[in-house]
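Here the structure is laid out as structure tokens; the discussion comes afterwards.
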Amino acid sequence: MKSKKTHIFTFLFGFIVNLGISQELYFPERGNWEEKSPSEFNINSAKLNEAIAYAEANEYSGSKDLRITILKGFEREPYHQILGPTKKRGGPAGLILKDGYIIAKWGAIDRVDMTFSVTKSYLSTIAGLAIDSKLIGSVDDFTYTYVWDHTFDGAHNKKISWRHLLTQSSDWSGQLWGGYDWADRPSNTGGIDDWKHRKLNDPGTVFEYNDVRVNVLAYSLLNVWRKPLPQILKQHIMDPIGASSTWRWYGYDNSWVTIDGMQMQSVSGGGHSGGGLFINTLDHARFGLLFMNNGVWKDKQLISKKWIQAAIQPSSANNNYGFMWWLNKKGSRHWQGLPEHLYYAAGFGGNFIVIDQEQNLVIVTRWLEPKYIDEFVTKVYESF
């Protein structure tokens, strides 16, 4: 049986060790970021440079005029049109952080670009902040009890919870900002009449990537916060982590609503029809570093660890998807040979924020041909 002194020593030793670990992490000030050589972390610089060269050599194959790329990429969708702003993209760019320090970078990391569905992970964070602030009681609450206009009318839509929207398993049925749920990434079989009159799946049972339903989540969160979501993100996340003033979050030309007598734009969760988050690589890396450290920036908890841990749990409808974060679990999107605890934000055109909490590692890539992401990340890990 251990003595009282032994228990005290064990407690103090653990406290000191934990304190030391937290002090090892570096958090950059606004406008400044310290760089360190990979060799300081026993990382093979030559192999890491090989990984960077691989990213630079495998640029996304789509046009740099993203308006053209979007229209071509979604040309089989009925009535698809661009409703929000777009921007010509830059070339391959990226950052790799270890313990918060930049150990590798390439391309124009301060260039603001569209980021498409990486926006969804930021949108998920807005939901997490609402949970932390008790504006939403539980992710399993029915959304119609918070948004009581016609958005969730009907027996099916009334069964949809926040969890279903966050895990893209709601099968919400309807039209928002001119977009129909059935017309967004429709089935490879059948035609418009089949898609319109399909059998609806019970919420929570089937995963379906669908930007109209993601925009329903954004609109619902706007109704809960009663403030534009970019302001919430700026106040609670981006300013505290020292992000630049250059990022923007857009909706559509027709997604303006009146709340409390004021006009507000409901933002989009991606660039599927234009809009979404326009941001530079450095700001993505700050966001990734915050999540890598379980929501703590320096000594301040900006979003709860409880939320982050919930957000990266596999959903019942898709083992590789949490609350708008992709997970490297065994499944259809498993990166073989890489740790299963990895999770990441992913967007059209090869935009990624990859997070490894065990290695204190954050990897951000822009405009990497998506089919090469697992090979690129494997090369990064081979340098360790």
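See the values below:
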item: Amide proton proximity set for Y101, modelled H, under 5 Å, gap of 5+; result: Y26
item: log₁₀ of I(q)/I(0) at q = 0.06, 0.13 Å⁻¹ - the chain, Debye sum with one point per alpha carbon; result: -0.24, -1.08
item: Reach of K305 by Cα under 14 Å, taken over aspartates and glutamates that are not fewer than 8 positions away in the same chain; result: D132
item: DSSP bridge orientation in segment 35-384 - percent antiparallel, rounded to nearest 5; result: 95 percent
item: Candidate lysines - alpha carbon under 24 Å from K47, same-chain residues fewer than 8 apart omitted; result: K36, K98, K105, K371, K379
item: Mean Cβ count within 10 Å, highest first, over the residues of peptides 70-79, 214-223; result: 214-223, 70-79
item: Segment 27-34 - phi-based ³J(HN,Hα) in whole Hz, Karplus 6.51/-1.76/1.60, Gly and Pro as x; result: 10, x, 6, 4, x, 8, 8, 6
item: Compactness index (Cα Rg / 2.2 N^0.38 Å), segment 275-384; result: 1.04
item: Kyte-Doolittle at least 0.0, axis length at least 24 Å by Cα - qualifying DSSP helices, the chain; result: 4-24
item: Of I363, I102, I192, the one that fluctuates the most in a GNM where the chain has Cα springs shorter than 10 Å; result: I192
item: Per-residue ³J(HN,Hα) for segment 181-195, Karplus 6.51 cos²θ - 1.76 cosθ + 1.60, θ = phi - 60°, Hz, x for Gly and Pro; result: 4, 6, 8, 8, 6, x, 4, 6, 10, x, x, 4, 4, 5, 5
item: For the chain, calculated [θ]222 nm from helices alone, where every DSSP H run of n ≥ 4 adds -39500 (n - 2.57); result: -9000 deg cm²/dmol
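Throughout, read-outs are computed from the coordinates displayed, never taken from laboratory work. Quick caveat: nothing in here was measured; it's all calculated off a predicted structure. Reconstructed Cβ throughout: ideal geometry from the backbone, glycine too, with neighbour counts over all protein chains shown.
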